[in-house]
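The values are calculated or read from the model by the stated rules, or taken from the named source; none is laboratory data. Not measured: the values here are computed from a predicted model. Cβ placement follows ideal geometry from the backbone for every residue including glycine, while neighbour counts extend to all protein chains displayed.
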Amino acid sequence: MAADTGEAARRGLLIILSSPSGAGKSTLARRLMAWDPAISFSVSATTRPPRSGEVDGREYHFRSRAEFEAMVAEGAMLEHAEVFGNLYGSPKAPVEAAVEAGRDTLFDIDWQGGQQIRNSTLARDTVSVFILPPSIGELARRLEGRGQDSAEVIAGRMAKSLAEISHWAEYDYVLINHDVDATLAELVAIVTAERLRRDRQPGLTGFVRGLNAEFESRRKEQPHDLGA
């Protein structure tokens, strides 16, 4: 918990999680939000049509290509990319509002999206974490164990993993996911420490001024006790 500064008084975090497919990023994201339900998941905008059961503003913000491209041109996207012919991106306004209100936002994105956010106007509010698998053999086993993808799709994901992993050194923290419980504990420790950073608590200056004023008042009233 942040120091009691008398204000709401810390800036929110942008928590970026990235990893190759199968390293455990999505599981860790869900469990981090279960640890602290106040952490909100960034809802992306996309130009792809909604699937059955999807609701605008819940799974995605569904936009036309023209609307999406206008947001990009206006600087209203923190990050964006084109994937299989559809545009995806993170709208900036709700994230900025969360930061100012002291609420944390979680991003489950690839290295390209993370790089764009780290180069944005919210860079100082960002903490980035890359999740590595314990081995390539274990990564393949996890992908195969899902039972959701064909051998061809799994091979494609494995090939892409090499490119993903090559960007590990760009992140603030790197965790090796040997065990999801242990890795979650490490992730919680990172978030807790980052919340307590001095520059994320704008009320501290006023709080310390109050301490100094209290000290001076006591010094005048009890000079011998305080070494005057």
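Quick notes
- Residue 127 meets each of the listed conditions (1) within 22 Å of residue 13 (Cα to Cα); (2) not in a strand (DSSP E or B) apart from (2).
- Screening segment 96-121 for residues that are in contact with a Leu (Cβ under 6 Å, 6 or more places away or on another chain) and closer than 18 Å to residue 72 by Cα and picking the one that is surrounded by the fewest Cβ atoms within 10 Å (Cβ to Cβ) gives 120.
- Listed by first and then second residue, the pairs linking a residue in segment 190-208 that is under 20 Å from residue 17 (Cβ atoms) to a residue that is at pLDDT 90 or above and aromatic (Phe, Trp, Tyr), with Cβ atoms under 6 Å apart and 6 or more places separating them unless they lie on different chains, are 190/173.
- Single residue of 64, 21 found to be touching a residue at least 12 places away in the same chain (Cβ under 8 Å), exposed (fewer than 13 other Cβ atoms within 10 Å of the Cβ) and either more than 29 Å from residue 165 (Cα to Cα) or among the small types (Gly, Ala, Ser) (or both): 64
- When 123, 101 are screened for being under 23 Å from residue 37 (Cβ atoms) and aliphatic (A, V, I, L, M), only 101 passes.
- Yes/no for residue 223 being part of a loop (DSSP other than H, G, I, E, B) and surrounded by 13 or more Cβ atoms within 10 Å (Cβ to Cβ): no
- If you go through segment 1-28 and pick out every residue that is touching a Leu at 6+ places or on another chain (Cβ under 6 Å), modelled with pLDDT under 95 and not in a loop (DSSP other than H, G, I, E, B), you end up with 1.
- Of all residues in segment 145-201 being modelled with pLDDT under 80, surrounded by 13 or more Cβ atoms within 10 Å (Cβ to Cβ) and assigned to a helix (DSSP H, G or I), the one that is nearest to the chain's Cα centre (by Cα): 157
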